[in-house]
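Chemist: Can you read through this structure? Questions will come right after.
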Amino acid sequence: MLIVAAVLAALIYLTWIVLLVWLSQGPAVEPGTMPAKIHELVTGTTGMELLAILPVLPFFVWVGRAMLYARARANAVQMSPTQFPEGYRMVVEAAQSFGLRRVPDAYVALGNGSINAFASGHGFRRFVTINSDLFEVGGSARDPEALRFIIGHEVGHIAAGHTSYLRSFLSQILVYIPVLGQAFSRAQEYTADNHGFATAPKGAAATMAVLAGGKYLGAQVNAHALAERAVREKGLWVHLAAWGASHPLLTWRMHALRDRSAPGRLMIRPRDTAAWFPPFQPSGHELSAIWPTPAQVLAHMDACRPQVQAEEQFGRYPGVEYSTPRDTLRWASPVPVPRGPAALASPAASEPTSTTGYGYTPGGHMVSFSQSGATPTGGTTPPSGLRQHGEPSSPSRAEQPAPSPDCAPQAADQAADQADPAAPAPPAQDGEQEGRQG
């Protein structure tokens, strides 16, 4: 196979040289004929530039890959059984799980605050590079499943053949195709996400949260709220942002990782029926008249609270114990509940048709999410496959009571008075030692 590829490349370059010599001599053609028009087109400024650059582009891609690998070998820390053994074991286990014949090189590079990782190769060698900031997210004292997902994602690129020379060259060409060019790259990212999910399903939410909110605030990002916006946020500008990106939108990625019954979307957002929860805030594509006033939002925030309270305003840190498990916080219902005893999430629903605006009335109190008293429609219940991996998900409609008509502050005060202030907090689960970095 290698010999065939080498012979084919030699023939292509030989043809290119012959064509350049033929054009430089100016072949005798009759003006106005088709050969003359072709000769004029090719010998024009644009045609000659393309003829000169395109055959050299594969060489530039090869040099770029070689330099990328050289910088990692010369500047980054190579992961091994003695350097970052926890992360290196994840690389080896992912390689074994995906059937790789050789373990790829693995490096830790200085991130300087950048949350990033990538996979590449040069010649027959393949390697992954993880920015140092991701170890602050996924170390044993924080969330190792997040780091496992990221490493599985990058090793998945190698296993799926995305780091081959031909794939890299093709990606460089497709970038210049308007609208559709980046769809190839986005499809590869979804494939790598599937590999990451196969190795660490519990790390999917944490990874998307870190990419969206950063290595500290990512602990506070609600996975359901992030995924629901893939359905709610619509319009031309959102789709233009998606079409021009090399990676799927984070909301779309989280939606695909939450609902494993359908592939990730490349060009069009998920359908409205893919919502699991009723909308509780207006989306950016809607008229501003539907948005609540500051007084309404303040009254609502005084009457309601998140279903699961966050214990730290700015993320979770090493050296601090937290009673609320990570996944309980990430996979809690994003729908607010009345202050007082915890309440179940309301059923999934399609967007409301009333212009009064997402449960806000002029008086500033929350009303039923259906806004008409009718049973919400258009949602889907979480697939059972998600719950098998340990992520909490919303109950089915049959298991859920009707949503509270409002979050009345008076009822909240009464519930708070009845609550036992001496009730112990739930114990921390194994691995819940989180941290404050000095």
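Chemist: Mind listing which trypsin sites (Lys or Arg not before Pro) in the range 83-172 are in a DSSP loop and have 15 or fewer other Cβ atoms within 10 Å? Show your work: numbers first, answer last.
Modeler: Numbers: sites: ARG89, ARG101, ARG102, ARG125, ARG126, ARG142, ARG148, ARG167; in loops: ARG101, ARG102, ARG142.
Here the sparse-neighbourhood loop sites are ARG101, ARG102.
Chemist: Then there is this: Mind ranking 203-212, 110-119 by how tightly packed they are, going by the mean number of other C-beta atoms within 10 angstrom, highest first?
Modeler: The densest-packed peptide leads the list: 203-212, 110-119.
Chemist: What's the center-to-center distance, using Cα atoms, between the range 95-157 and the range 206-277 in Å?
Modeler: If you average the Cα positions of each part, the centres end up 22 Å apart.
Chemist: Hey, can you rank 75-85, 326-336 by average C-beta count inside 10 Å, highest first?
Modeler: 326-336, 75-85
The numbers here are math on the coordinates, done by the rules we state, and not lab data. Everything numeric here is computed off the predicted structure, so don't read it as measured data. No Cβ is skipped: glycine too gets one built from the backbone with ideal geometry, and neighbour counts run over all protein chains shown.
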